[in-house]
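To start, the structure itself, in structure tokens.
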Amino acid sequence: MLPDNFLWGGAVAAHQLEGAYREGGRGISTSDILTSGNAQTPRQITDGVQPGCYYPNHEGIDFYHRYPEDVALFEEMGFRCFRTSISWSRIFPQGDELEPNEEGLAFYDRLFDELRAHGMEPVVTLCHFELPYGLAMKYGGFRNRKLIDFYLRYCEAVFRRYKDKVKYWLLFNEINNQTDTTRPIYALTNSAILFEEGENREQVTWQAVHHELVAGALAVRLGHEINPAFQIGCMMAWVPIYPASCNPKDMLAATDRMHDRFLFTDVYVRGHYPDYAASMWAKKGVHIKTQPGDEKILAQGTVDFISLSYYMSAVVDHRESADTDAKGFAGSVTNPYLQYSDWGWAIDPDGLRYSLNQLYERYELPIFVVENGFGAYDQLMNTPGDYVVEDDYRIAYLRAHIQAVKQAVEVDRVNVMGYTVWGCIDVVSFGTGEFSKRYGFIYVDKDDQGNGTLQRAKKKSFYWYQKVIATNGEEL
Ligand code: BG6
């Protein structure tokens with residue numbers, strides 16, 4: 001059995017659903033300069049907001065104005081928690097102001113009050129793929145150490161303001177995405193970095209990572225000073241990397257690639273860089289500039305729990321000749337044992353159980369699965385009844401993954417605090433900017449060009465998840 005206080009719920013991020021991108025004094029954020037793309041065409045990063053371009057996040061699903069209706073639907077499903085992020089540029093529009101924007105703070109007061117009034121614990125990501133664009137333009141983003149102070153000023157403002165409304169905080173969403181330096185969207189969304197022509201991207205990225213790890217550790221300390229009951233976690237994109245064969249060289253290659261993930265959790269949980277960091281950086285030609293005191297900061301600001309997103313696994317083959325262009329995940333070869341989604345993401349529930357085991361064995365800290373879900377093209381039914389989409393494929397994916405969480409808890413004794421389904425209501429896809437890559441239990445009438453009434457309607461999975469929560473995961 002899962003524990004009675006298991007945190008069932010859903011997850012979203014401000015920039016993917018709030019819209020109202022210039023309302024309430026909000027400044028432009030790094031996600032506002034991303035156009036829409038699709039499975040073949042990547043999203044473009046524009047030079048500021050350009051007339052004539054379509055930016056899907058500007059409207060999102062207008063959650064900013066419609067959240068009471070949505071929160072009521074979440075309550076109907078029985079959510080015990082709801083994960084969202086605070087849009088940093090609502091609070092500090094340019095990022096470097098001395099005082100926060102009251103209108104922005106007031107919006108989240110209303111939202112968190114609404115959630116609590118409907119029986120949901122807010123789970124809040126401090127920085128989910130959007131930083132004030134001003135910080136990118138004026139300071140070069142997190143490559144600049146000054147960003148540590150701006151991040152802390154922002155954290156202090158929201159920690160103090162919501163001290164009695166929010167208990168669970170996540171530092172930087174999927175901080176490890178940016179280690180893939182081939183896709184500039186990650187540097188922008190993780191760190192407000194726009195790469196310059198010809199610069200060493202690895203150097204810039206790993207320096208930014210250091211600043212973020214220091215900033216995160218300082219935030220943990222500050223948060224605990226403001227309210228010792230705060231639970232503050234890191235947030236990782238967790239993709240387990242399997243060896244392509246039992247050739248020990250593949251095993252070593254997989255171990256090597258997992259270092260890109262473990263490095264972060266090692267610092268967050270153990271409070272210091274692992275020894276392999278030095279050889280990783282040397283291989284990449286990276287030299288991290290640190291300041292006296294950084295070691296102590298990292299040691300004193302370790303997290304209370306680990307949170308992660310889990311969508312897929314990947315496979316590494318040590319041979320340079322291997323076809324690594326297979327599917328979904330950079331540098332991965334096809335896994336013949338798995339099925340893939342329409343976006344090439346490997347469907348692997350056992351990989352979730354495996355990951356939970358790996359992380360728990362290594363750290364013995366509670367783990368929160370704050371993202372898991374199935375992006376799919378939904379077809380509206382010709383004659384809708386109680387629901388408008390018959391999304392059995394989504395139910396099948398979630399059922400298998402929840403089953404994996406249960407096995408991890410019940411059989412392997414992993415301490416899992418909760419599970420929140422990504423995009424519990426349809427939102428703009430982060431990776432492609434499409435709207436037709438849908439994850440929700442709740443359908444939103446909107447298309448890839450931004451047309452639609454934004455009306456909400458239940459899918460079949462809505463009723464399924466309602467039953468899952470009501471039985472605490474016993475009826476899947
Ligand atoms: C995670 C992010 O990477 O996966 C979310 O934290 C994102 O912001 C989600 O939306 C699913 O990815 P995508 O590209 O299908 O939207």
### Task
Tell me which residues, restricted to segment 402-427, are more than 12 Å from the ligand (Cβ to nearest atom), of a type in the set (D, E, K, R) and either more than 17 Å from Trp8 (Cα to Cα) or in a strand (DSSP E or B) (or both).
Asp412, Arg413
### Query
When segment 192-217 is examined, which residues are found to be among the small types (Gly, Ala, Ser), open to solvent by less than 10 Å² (accessible area, probe 1.4 Å) and in a loop (DSSP other than H, G, I, E, B)?
Ala192
### Query
Do we find a residue being touching a residue at least 60 places away in the same chain (Cβ under 8 Å), in contact with a Cys (Cβ under 7 Å, 6 or more places away or on another chain) and surrounded by 16 or more Cβ atoms within 10 Å (Cβ to Cβ) anywhere in segment 397-415?
no
### Message
With in contact with a Phe, Trp or Tyr (Cβ under 9 Å, 6 or more places away or on another chain) and at positive phi as the only criterion, which of Gly78, Gly141, Gly104, Gly52 stands out?
### Response
Gly78
### Query
in a loop (DSSP other than H, G, I, E, B), within 15 Å of the ligand (Cβ to nearest atom) and open to solvent by 10 Å² or more (accessible area, probe 1.4 Å), is that true of Phe430?
yes
#### Entry: In segment 364-388, the residues that are away from the ligand (no atom under 12 Å from the Cβ) and closer than 24 Å to Ser85 by Cβ
Leu365, Pro366, Ile367, Phe368, Val369
### Task
Would you check which residues across segment 154-178 are in a loop (DSSP other than H, G, I, E, B) and within 19 Å of the chain's Cα centre (by Cα) and list them?
Val166, Lys167, Asn173, Glu174
### Query
Would a scan of segment 267-283 turn up a residue that is surrounded by 16 or more Cβ atoms within 10 Å (Cβ to Cβ) and of a type in the set (Ser, Thr, Tyr)?
yes
### Message
Checking the condition surrounded by 16 or more Cβ atoms within 10 Å (Cβ to Cβ) and more than 21 Å from the chain's Cα centre (by Cα), which residue from Lys437, Lys458, Lys467 passes?
### Response
Lys458
### Task
Would you confirm whether any residue within segment 324-336 is in a strand (DSSP E or B) and either under 20 Å from Thr182 (Cα atoms) or away from the ligand (no atom under 16 Å from the Cβ) (or both)?
yes
### Query
Within the bounds of segment 180-191, is there any residue that is more than 16 Å from the ligand (Cβ to nearest atom), hydroxyl-bearing (Ser, Thr, Tyr), open to solvent by less than 10 Å² (accessible area, probe 1.4 Å) and part of a helix (DSSP H, G or I)?
no
### Summary
With the first residue restricted to segment 128-150 and required to be part of a helix (DSSP H, G or I), and the second required to be polar (S, T, N, Q) and open to solvent by 30 Å² or more (accessible area, probe 1.4 Å), Cβ contacts under 8 Å at 6 or more apart or on different chains are Gly134/Gln94; Leu135/Gln94; Lys138/Gln94
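Per-residue answers, yes or no, for (1) buried (at least 16 other Cβ atoms within 10 Å of the Cβ); (2) more than 23 Å from Lys165 (Cβ to Cβ); (3) modelled with pLDDT of 95 or more:
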site: Val12; (1), (2), (3): yes, no, yes
site: His15; (1), (2), (3): yes, no, yes
site: Tyr21; (1), (2), (3): yes, yes, yes
site: Gly27; (1), (2), (3): yes, yes, yes
site: Thr41; (1), (2), (3): no, yes, no
site: Val49; (1), (2), (3): no, yes, yes
site: Glu59; (1), (2), (3): yes, yes, yes
site: Tyr67; (1), (2), (3): yes, no, yes
site: Gly104; (1), (2), (3): yes, no, yes
### Query
Can you tell me how many residues in segment 268-307 are among the polar types (S, T, N, Q) and either part of a loop (DSSP other than H, G, I, E, B) or more than 18 Å from Trp169 (Cβ to Cβ) (or both)?
4
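Could you tell me whether Asp448 is assigned to a loop (DSSP other than H, G, I, E, B), more than 16 Å from the ligand (Cβ to nearest atom) and open to solvent by 30 Å² or more (accessible area, probe 1.4 Å)?
So Asp448 fails the test.
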### Query
With respect to Thr453, is the statement that it is open to solvent by 10 Å² or more (accessible area, probe 1.4 Å) and more than 16 Å from the ligand (Cβ to nearest atom) true?
yes
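Every residue, every condition in (1) without any contact (Cβ under 8 Å) to a residue 12 or more places away in the chain; (2) more than 16 Å from the ligand (Cβ to nearest atom); (3) of a type in the set (Asp, Glu), yes or no:
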| residue | (1), (2), (3) |
| --- | --- |
| Met235 | no, no, no |
| Val239 | no, no, no |
| Met251 | yes, yes, no |
| Ala282 | yes, yes, no |
| Val286 | no, yes, no |
| Ile306 | no, no, no |
| Tyr310 | no, no, no |
| Ala314 | no, no, no |
| Ala322 | no, yes, no |
### Query
With (1) under 19 Å from the mean Cα position of the chain (by Cα); (2) open to solvent by 30 Å² or more (accessible area, probe 1.4 Å) as the list, and Thr420 as the residue in question, which single condition is left unmet?
(2)
### Task
Answer with yes or no whether Ile226 is of a type in the set (Val, Ile, Thr) and buried (at least 19 other Cβ atoms within 10 Å of the Cβ).
no
### Summary
Those residues of segment 18-39 which are touching a residue at least 60 places away in the same chain (Cβ under 8 Å), more than 25 Å from His401 (Cα to Cα) and of a type outside the set (Ser, Thr, Tyr) amount to Glu18, Gly24, Gly25, Arg26, Gly27, Ile28, Asp32, Ile33, Leu34, Gly37, Asn38
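The values are calculated or read from the model by the stated rules, or taken from the named source; none is laboratory data. None of the values given here were measured: they were computed from a predicted structure. Here Cβ is always computed from backbone atoms with ideal geometry, including for glycine, and neighbour counts include all displayed protein chains. Ligands, DNA and RNA are stripped out before the accessible areas are found, and what is left, the full protein with its side chains, is counted by its heavy atoms. Shrake-Rupley method; radii C 1.70, N 1.55, O 1.52, S 1.80 Å.
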